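Novice: Below: one structure in structure tokens.
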Amino acid sequence: MLKKLDLFTPIGLILGLVVVGLAIYFNAGMDAVLLFMQLASVSIVFGGVAAALLVNFTGRELRKLPAIIKEAFRHQDYDLQELNGTFVMLAKKARKEGLLALESQLEEDVKDPFIKKGVRLAVDGIEPEMIQDILMAEVVSMEERHKRGRRILERAGDFAPAWGMVGTLVALVIMLNDLDDPATLGPSMALAMLTTLYGAILANLFFNPMASKLENKTETEVFINQIMIEGVIGVQSGQNPHILEEKLRAFIREKRKPEYDIRESGALAHEV
């Protein structure tokens, strides 16, 4: 389950900016494109969002923001067939040699730390209900941790349009105060409109879509962890490897959602 660059995120961001830029260019030319790049508008919206986030969150939470944004550009590829095969292999070894034999097998053939933790609990003789409670507590903790990180992007998505409106109001006040000077009306009106535009783009192209993608990634990870828990309990209880394999396949068919980005191969692929 390797993480790699998710090309759809940067492609989507660039495409959104290009669409807006081309719409401006085709309607009014390159001069209009340059007109839409106003430092004052940028400073109001970006500075206002940054200030609001500083008020809303602690420094410790905000220090995690680069890592949170980085996650939106990464994709984790889950191979359910390989995951199923891992538990079948562990179940066969446990039935043949006992649970204690799995300790050495973990270091050789199992890379996922969540599976390792669950199997080690089984090797230590922990009851199945307790193993499930411990692993589910870790899943809930992970889900809550992801939710707290994602909340920064969600709040930024709320703040950006509001600060765009603040910039609009500031520019309108300046414009109304200088009605006797016609030369200032154009720049002031441009600033007024641009801050609203920047706020809308930031919220609806950057912050909210990234937060939504991270939410989908969390749902997928929870789903995969539930499969792992079922597998660990099956190994611990000494289930027949073939029965465990069919049980995990049934669990996948019943629980999976079509929006989950999960790679399947082999026998599993044609059954779901």
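The values are calculated or read from the model by the stated rules, or taken from the named source; none is laboratory data. In this text the structure is predicted, and so the values were computed from the model without any measurement. Positions of Cβ are backbone-derived with ideal geometry, glycine not excepted, and every protein chain shown enters the neighbour counts. Just the protein is used for accessible areas: all its heavy atoms, side chains included, with ligands, DNA and RNA removed. Shrake-Rupley method; radii C 1.70, N 1.55, O 1.52, S 1.80 Å.
Novice: Where the centre of each part is set by its Cα atoms, how far does the stretch 86-157 sit from the stretch 55-83, in angstrom?
Specialist: 20
Novice: If you don't mind, there's one more thing I want to ask. Distances longer than 25 Å among the Cα atoms of the chain: what percent of all pairs is that?
Specialist: On the way: 21905 of 36856 pairs.
Looking at the chain, the distances longer than 25 Å represent 59 percent of pairs.
Novice: Quick query: amide H of TYR78 versus all other amide H atoms, modeled in the peptide plane; which residues come in under 5 Å with a sequence gap of 5 or more or a different chain?
Specialist: Here the answer is ARG263, since their amide H atoms fall under 5 Å of that of TYR78.
Novice: In terms of the Cα gyration tensor, with a ≥ b ≥ c the square roots of its eigenvalues, is the stretch 1-79 rounded because a/c is under 1.5, prolate because a/b exceeds b/c, or oblate?
Specialist: Working: a/c = 4.87, a/b = 1.28, b/c = 3.81.
Oblate is the answer for the stretch 1-79, as a/c is 1.5 or above yet b/c matches or exceeds a/b.
Novice: Using +1 at the C-beta of Lys and Arg and -1 at the C-beta of Asp and Glu, which of ILE134, VAL55, ILE68 has the Cα lying farthest in the positive direction of the dipole of the stretch 1-140?
Specialist: After comparing all options, I get VAL55.
Novice: Shifting gears a bit: How much accessible area per residue does the chain have, counting only protein heavy atoms and a probe of 1.4 Å, in square angstrom?
Specialist: Result: 56 Å² of accessible area for each residue.
Novice: Separate question: Which far-off residues, 5 or more places away or on another chain, put their amide H under 5 Å from the one on PHE73, with H placed in the peptide plane?
Specialist: Those lying under 5 Å, H to H, from PHE73: there are none.
Novice: How large, in percent, is the carbon and sulfur part of the accessible surface of the chain at a probe radius of 1.4 Å?
Specialist: Working: 9340 of 15150 Å².
It is 62 percent, rounded to a whole number.
Novice: What is the spin-label model distance, in nm, from ASP178 to ARG148 if the labels are put 7 Å beyond Cα along the C-beta direction?
Specialist: 4.7
Novice: Moving on. Among SER188, GLY149, VAL18, flag the residue with its Cα farthest along the positive direction of the charge dipole of the chain, charges on Cβ as +1 for Lys/Arg and -1 for Asp/Glu.
Specialist: GLY149
Novice: Mind giving me the nanometre distance, one decimal, between the label points for ARG74 and GLU138, set 7 Å out from Cα along Cα→Cβ?
Specialist: If labels sit at ARG74 and GLU138, their model points lie 1.8 nm apart.
Novice: Determine the dipole magnitude for the chain: charges of +1 sit on the beta-carbon of Lys and Arg, -1 on that of Asp and Glu, nothing else is charged, the reference point is the Cα centre, and the result goes in debye to the nearest 20. Walk me through the numbers before you get to the answer.
Specialist: Details: 30 positive and 36 negative charges, 63 e Å.
In total the dipole reaches around 300 debye.
Novice: Please identify the DSSP H helices in the chain that span no less than 18 Å along the helix axis (Cα) and have a mean Kyte-Doolittle hydropathy of -1.0 or more.
Specialist: Membrane-span-like by this rule: 8-28, 39-56, 80-97, 128-177, 185-201, 208-236, 241-255.
Novice: From the helices alone, meaning DSSP H stretches of at least four residues, give me the mean residue ellipticity at 222 nm for the chain, per-run term -39500 (n - 2.57), in deg cm²/dmol to the nearest 500.
Specialist: -25500 deg cm²/dmol
Novice: Multiply the residue separation of LEU17 and GLU129 by 0.36 nm, subtract the distance between their alpha-carbon atoms, and state the gained length in nm to one decimal.
Specialist: Between LEU17 and GLU129, full extension yields an extra 35.2 nm.
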